[in-house]
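*Asks:* Below is one structure. I have some questions about it.
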Amino acid sequence: MRLSKLLLALTLVCGIAAAQSDPIVTQSTSTTTTNGETTTKVISPPPSAISPTITNINSDVCAVGFGGAAQTQILGISFGGTTTDWNCERLKLSKTMFDMGMKVAAVAVMCQDRRVWDAMMAAGTPCPIDGKIGAEAKVAWEENPSRQPRAVVEKK
């Protein structure tokens, strides 16, 4: 979520800067001397660094694209790539397993997220562990606290 907000802000800043920039102007000056020699001086801007575009054709992709570019009078550089949304992948895996009739396995996939694990424990329906469900699973989790998913600490 933070990455998408950062990318949106970067896009807005770059878009505003591009809209307010001066137009590209190429100047050409020709001089002819009395002995027939012609000298031409062309002043043009350097080539632009253009960042790659990353487009998702459909919404069934758990990756977020990013890119950027910078240009100076001498050097231009651009970059781009993708980052994976692991929560999106977890949801898709769980939904696929559920659709195949593997309901306990689907819940087990979701329970890899500590927030889901905590919610299941609070609801009195602990996550499955080693093929155990219900009260047996609760006892197994209490006996093996090191196997519980780690809590994710959100950075501020």
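The values are calculated or read from the model by the stated rules, or taken from the named source; none is laboratory data. Everything numeric in this text was worked out from a predicted model, so none of it was measured. Cβ sites come from the backbone with ideal geometry, for glycine too, and all protein chains shown count toward neighbours.
*Asks:* Report, by residue number, each residue of the stretch 79-93 that is assigned to a strand (DSSP E or B) and over 13 Å from Ile54 (Cα atoms).
*Replies:* Of everything in the stretch 79-93, just one residue is assigned to a strand (DSSP E or B) and over 13 Å from Ile54 (Cα atoms), namely Thr84.
*Asks:* From the list Ala63, Ala49, Ala70, which one is closer than 27 Å to Trp117 by Cβ, of a type in the set (A, V, I, L, M) and either modelled with pLDDT of 85 or more or not assigned by TED's automatic domain parsing to the domain that holds Asp113 (or both)?
*Replies:* Ala63
*Asks:* Between a first residue in the stretch 80-93 that is under 27 Å from Ala69 (Cβ atoms) and a second residue that is modelled with pLDDT under 90 and in a helix (DSSP H, G or I), which pairs have beta carbons less than 7 Å apart while being 6 or more apart in sequence or on different chains?
*Replies:* Qualifying pairs under 7 Å: Thr83/Leu3.
*Asks:* Further question: For residues in the stretch 113-132 being surrounded by 16 or more Cβ atoms within 10 Å (Cβ to Cβ) and of a type in the set (A, V, I, L, M), which is nearest to Glu89 (Cα to Cα)?
*Replies:* Result: Val116.
*Asks:* Within the group Met97, Met121, which residue is among the aliphatic types (A, V, I, L, M), closer than 23 Å to Ala63 by Cα, part of a helix (DSSP H, G or I) and free of Cβ contacts under 8 Å to residues at least 60 places away in the same chain?
*Replies:* One residue alone meets the criteria, Met97.
*Asks:* Could I ask something else about it? Taking the stretch 56-112 as the search range and keeping residues that are among the aromatic types (Phe, Trp, Tyr) and under 21 Å from the mean Cα position of the chain (by Cα), which one is surrounded by the most Cβ atoms within 10 Å (Cβ to Cβ)?
*Replies:* Of everything passing the filter in the stretch 56-112, Phe66 is surrounded by the most Cβ atoms within 10 Å (Cβ to Cβ).
*Asks:* Still on this structure, I have one more. Filtering the stretch 141-156 down to residues that are under 16 Å from Gln112 (Cα atoms) and not in a loop (DSSP other than H, G, I, E, B), which residue is nearest to the chain's Cα centre (by Cα)?
*Replies:* The selected residue is Arg147.
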